Amino acid sequence: MQRGSACGKVILLGEHAVVYGVPAIVLGIDRGATALAVGPPTAAQSELTLGQTDRVTEDGASDVARAFAAILRACAVTRPVHVEVTTELPAGAGLGCSAALGVAIVRALDAWEGRPAATASDAAERAMAWEQVFHGNPSGIDATAAARGGCLLYQRMSGGMHLNEIALALPLTLAIGHSGVSSSTREMVDLVAKLKARNEENVTRSFEAIHSLVQNARLALEAGDHTGLGKLMDLNQVLLSGLMVSTEEIETMCRCAREEGALGAKLTGSGGGGCVVALIDGDPGRVVARWQKEGFRAFSTTVSSSVGTEERSRLP
Ligand code: PMV
């Protein structure tokens, strides 16, 4: 049995603007996805099972089946395989569930083919074949975070990306809560595109403002200034609300987190539902308990990294 795994992610600042070339800050989290290449399939076609019940074959018509066929092609798989996937991440919640599954499958397929482990760039690039079926034209930030983990400054560029690993001065403690509503990244990205087409000047100004928040957030992360970072997250949330991607539940969750002492709180991912991330000084228990009391599922996590390298690589 050949195994591959990958992590989930939260975008700390810069979602949506990142689609238009603004850098964003993304963190790998310890919840993720696992894929097992368990052996040959029962029939001639490769098959994918998700959890106990869902099963697709590579010639199926569903999105998952088409994404599976695309990733088998991207990985140049030479013989039919049965892949089983599991994930601790909710789907459609902005925590990079599909990208984590894609990268985990790529890694399991490489092991199945007896190949050496792919570099993170290569695994992310091939996972994009899977991602594009679900998300249309994703920036690639999710697949990159799923393959690498840590804290990354990610910038989409024409024909590729620019990546910096951010060296965190201090570990980050985060509370992550689910609004209970799932949303489609593709629809939310389309919604922002339509808003931009109608109101080019205002949306461009919002993206410029998000750009400076991201630049300042990078400095705050490198300096360990979490109070400043929390304020930048709050400001990013205001700008995301202006892009019409926040919801009543998200606003309630951000308010509750701040009332319980969070340094900052904002939606993470595409919005329209999904998750809120709150930056915590000390014990995340208060924010998590408050969200749960209000009826939202929540957990906490810690992110640390110590690297400071820079990489340029191409994405499809
Ligand atoms: O897939 P989500 O919900 O984590 O959103 C990804 C972030 C966006 O900037 C909204 C889209 C993208 O492709 O970068």
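Selection among HIS226, HIS135, THR87 by position relative to the dipole of the chain gives HIS135 as farthest towards the positive end (Cβ unit charges, Cα centre).
Binning all Cα-Cα separations of the range 39-141 at 10 Å, short to long from zero, yields these whole-percent fractions: 15, 53, 29, 2.
Annotation: TYR20 carries an accessible surface of approximately 90 Å², with a 1.4 Å probe and no ligand, DNA or RNA atoms counted. In terms of overall dimensions, the range 140-258 has a Cα radius of gyration and Dmax of 15.5, 42 angstrom. For the chain, lysine pairs with C-alpha atoms less than 26 angstrom apart, excluding pairs fewer than eight positions apart on the same chain, total 9. Amide H contacts of SER46: GLU58, VAL81, each under 5 Å away and 5 or more positions distant or on a separate chain (H built 1.01 Å from N in the peptide plane; Pro and chain starts excluded). For the options GLU165, GLU200, GLU15, a Gaussian network treatment of the chain with springs between C-alpha atoms closer than 10 Å singles out GLU200 as fluctuating the most. Using a probe radius of 1.4 angstrom, the carbon and sulfur fraction of the accessible surface of the range 7-133 is 52%. Each of VAL203, GLY160, LEU172 was placed along the dipole of the range 126-240 (beta-carbon charges, centred on the mean Cα), and the one lying farthest toward the positive end is GLY160. Between HIS162 and GLU251, the modelled labels are 3.6 nm apart [label points 7 Å from Cα along Cα→Cβ].
So how tilted is helix 185-198 from the main axis of the chain? Cα-based, degrees 0 to 90, rounded to 10. In the chain, helix 185-198 runs at an angle near 50 degrees to the longest axis.
The 1.4 Å probe gives accessible areas that order ARG286, ARG258, ARG198, ARG107, largest first, as ARG198, ARG286, ARG258, ARG107.
With a 10 Å cut-off between alpha carbons and a GNM built on the chain, which of ALA33, ALA262, ALA197 moves the most? In this elastic network of the chain, the residue with the biggest mean-square fluctuation among ALA33, ALA262, ALA197 is ALA197. Solvent-accessible surface of the chain, taken per residue with a 1.4 Å probe and all protein chains present: 41 Å². Using only the Cα atoms of the range 129-179, each taken as one equal point scatterer with no solvent, compute I(q) by the Debye sum, divide by I(0), and report log10 of the ratio at q = 0.19, 0.20, 0.27 Å⁻¹. Rounded to two decimals, the profile gives -0.82, -0.88, -1.11.
Working note: Cα atoms of the chain, range along each principal axis, descending, whole Å: 56, 42, 39.
The values are calculated or read from the model by the stated rules, or taken from the named source; none is laboratory data. Note that the structure is predicted; figures quoted are calculated from it, not measured. All Cβ positions, even for glycine, are placed from backbone atoms using ideal geometry, and neighbour counts span all protein chains on display. Side chains included, ligands, DNA and RNA excluded: accessible areas come from the protein's heavy atoms. Shrake-Rupley method; radii C 1.70, N 1.55, O 1.52, S 1.80 Å.
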